[in-house]
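Below is one structure, written out as structure tokens; the observations come after it.
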There are 2 protein chains.
Amino acid sequence: METIDKLNNYKEKINTKIKDFFDSEIEISKKKDGKITELIEHIKEFNLRGGKRIRAVLALVSYELFDGKDFNSILDIAVSVELMQSFFLIHDDIIDNDSFRRGGPTFHKIYENSNENLGQRESEGIAIVAGDILESLSKKMILQSCFNEQIKIKILEKFNEIIENTCYGEFLDILSSKQNPNEDDIIKIHEFKTAKYTIEGPLHLGAIAAGADENEMRILSDYAIPLGIAFQIKDDVLGFFGDEEKLGKSAGSDVKEGKKTLLIIKAIENSSQDDKEFINKCLGNKNVTKRDISKLREIVKKSGSLDYSEKLAEKLVSEAKKALEKSNIKKEGKIFLIDIADFMIKRDC
Amino acid sequence: METIDKLNNYKEKINTKIKDFFDSEIEISKKKDGKITELIEHIKEFNLRGGKRIRAVLALVSYELFDGKDFNSILDIAVSVELMQSFFLIHDDIIDNDSFRRGGPTFHKIYENSNENLGQRESEGIAIVAGDILESLSKKMILQSCFNEQIKIKILEKFNEIIENTCYGEFLDILSSKQNPNEDDIIKIHEFKTAKYTIEGPLHLGAIAAGADENEMRILSDYAIPLGIAFQIKDDVLGFFGDEEKLGKSAGSDVKEGKKTLLIIKAIENSSQDDKEFINKCLGNKNVTKRDISKLREIVKKSGSLDYSEKLAEKLVSEAKKALEKSNIKKEGKIFLIDIADFMIKRDC
């Protein structure tokens, strides 16, 4: 499939650029302190561990869609988005108290497990600081790019806005974990924390760099926001019903974390008193068994909640595709973005 | 004293600008979510609680020193430095597990004490995110200023570099708390975490905005780095020997935190075995008594360590002043910066 080849080709270029950037930062750090060099080596390793690079790819695709010609400069911007993503992951993993990420230890665990004699508190402190450094480096990447100053300023404004909105989403998410969010609350979190961040933001960055106009930016938003919300709904369904091996994480982990997904709140809304109580008993319970998860899955299906989530995700994806189809965006780009939308919703991991 | 009047006049303008900026952000947030508005109100309150505004003032002074004419725009940059300072304080207070800041609760404590039903973990999570938001807002302030794009890019590069270096200082500081730093290690932390951040960075920002040349930037560094290190040494001396009431914090708090200041490590180096053991017993001990602190003060004096710190600070300040005096920087600016240096080292709180 052409789209997959294109994705893999981009991914390779992105990874090479990340590596080169950190190698240069490592050289600079040697004049500062050996421990700082080690820190940047850890940050480099964390950034190169993998990830789908979907955000960077979207920035590249969008730039080409609007006839941008300076591939090397947009690659800098695309990579800056991946650095931002790692910055968020480092901070999120502290907040969620996670130990594993991208097949390795979370950033605070790297230092907790090192021979630096650090406790949990100090290791988390270092991870907070490492996230802050990475956030700065992501902007350095933009500042170093060869775009002219006018474009750089516009990119930085958008980049800043993305960070701000993603933080608001994370903030609402933390609050909701201790409250009783309704569907609107959850959709708003998906909009801020996923749709604006993962889809709209990168597309807008590419478009701004290529000089797209306001109308084109709006079309991208009309595509990105519903697709992003659908993407997150699908993610939550996969987290609950997906194949553990393919996902690389335990299917019950969202339940153990007490995550109030659309799937869960709709099931609570439409279940018998007994089933409701069972769901609430399992949520946030670290000792939930495989059998409990199986029973939960049955309850979620029976309540119609799985069906509801899947239908809503499909409806949103079709909305996203329609927004593209009726626009005057050029054909090749349309096909690619529609493929991406299908890929996001049909994936099984 | 003319310098003090000038400082107070600047301070008022800075506080008004901070207030106006957040009022506008609060309006914008109302379209997003009521909880986001509340969050920004808390961030505003935290920023307006006070602080000496020394960093903002230095940026303003430096701009005027190099004949910058657009006071309103440099005020935006000066305020962005104060927002950055609050961002660092919010993250530092999580790392240090502090409860009070600027006469009120630390940011994580605001949420822990609210009626949002949040535990320590979630409250710290919100404070991490609030710091990240503030970091973004500090850059928004720069992006919104009326300087032209070329200058804005240069300011953002410097601003980014300041954040990065301050983070390295904080990182080295966290590591050193669990190790045995020597004098060079401590001076390096002071250089990154205080001198570059509190003195050199703001001066450079003002100078860049006014179009200063490389030679002028170097003169500012030659003044700022020794002064900044002296400032931190003085701060540690005050934290240990200063008047509790004037300082607004317990004189033993650094000892209880286990902070390895120059004062402490020099005392350890030059004390009898018994005294060494006593110091090590007190460091990081939350139950240290007033009597212990009195005895510690005697040991530090007897060892010659207080004398050493004071002499070193004086030597560094005189180095800083000399760098200015022999430069061709204009007289009025010289007098003001020399007054600032004296003020920093002679202060008793």
Of (1) aliphatic (A, V, I, L, M); (2) modelled with pLDDT of 95 or more; (3) over 22 Å from residue B:111 (Cα atoms); (4) over 23 Å from the mean Cα position of the chain (by Cα), residue B:1 satisfies every one except (2)
Can you name the helices (runs of 4 or more DSSP H) wholly within region B:119-215 that have at least 3 residues being touching a residue at least 24 places away in the same chain (Cβ under 8 Å) and within 12 Å of chain A (Cβ to nearest Cβ)?
B:120-144, B:149-177
Helices (runs of 4 or more DSSP H) contained in region B:279-349 and holding at least 2 residues free of Cβ contacts under 8 Å to residues at least 40 places away in the same chain, surrounded by fewer than 17 Cβ atoms within 10 Å (Cβ to Cβ) and of a type in the set (S, T, N, Q):
none
Residue B:224 under 30 Å from residue B:76 (Cβ atoms), modelled with pLDDT of 95 or more, hydrophobic (A, V, I, L, M, F, W, C) and surrounded by fewer than 24 Cβ atoms within 10 Å (Cβ to Cβ):
no
Within region A:28-46, does at least one residue satisfy the condition of being touching a residue at least 40 places away in the same chain (Cβ under 8 Å), of a type in the set (A, V, I, L, M, F, W, C) and more than 14 Å from chain B (Cβ to nearest Cβ)?
yes
The conditions are (1) in contact with a Phe, Trp or Tyr (Cβ under 7 Å, 6 or more places away or on another chain); (2) outside any helix (DSSP H, G or I), and residue A:60 fails exactly one of them. Which is it?
(2)
What's the number of the only condition in (1) under 30 Å from residue A:265 (Cβ atoms); (2) touching a Gly at 6+ places or on another chain (Cβ under 8 Å); (3) more than 8 Å from chain B (Cβ to nearest Cβ) that residue A:94 fails to meet?
(3)
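The values are calculated or read from the model by the stated rules, or taken from the named source; none is laboratory data. All values reported here derive from a predicted model rather than from experimental measurement. Every residue, glycine among them, receives a Cβ derived from its backbone with ideal geometry; neighbour counts consider all protein chains shown.
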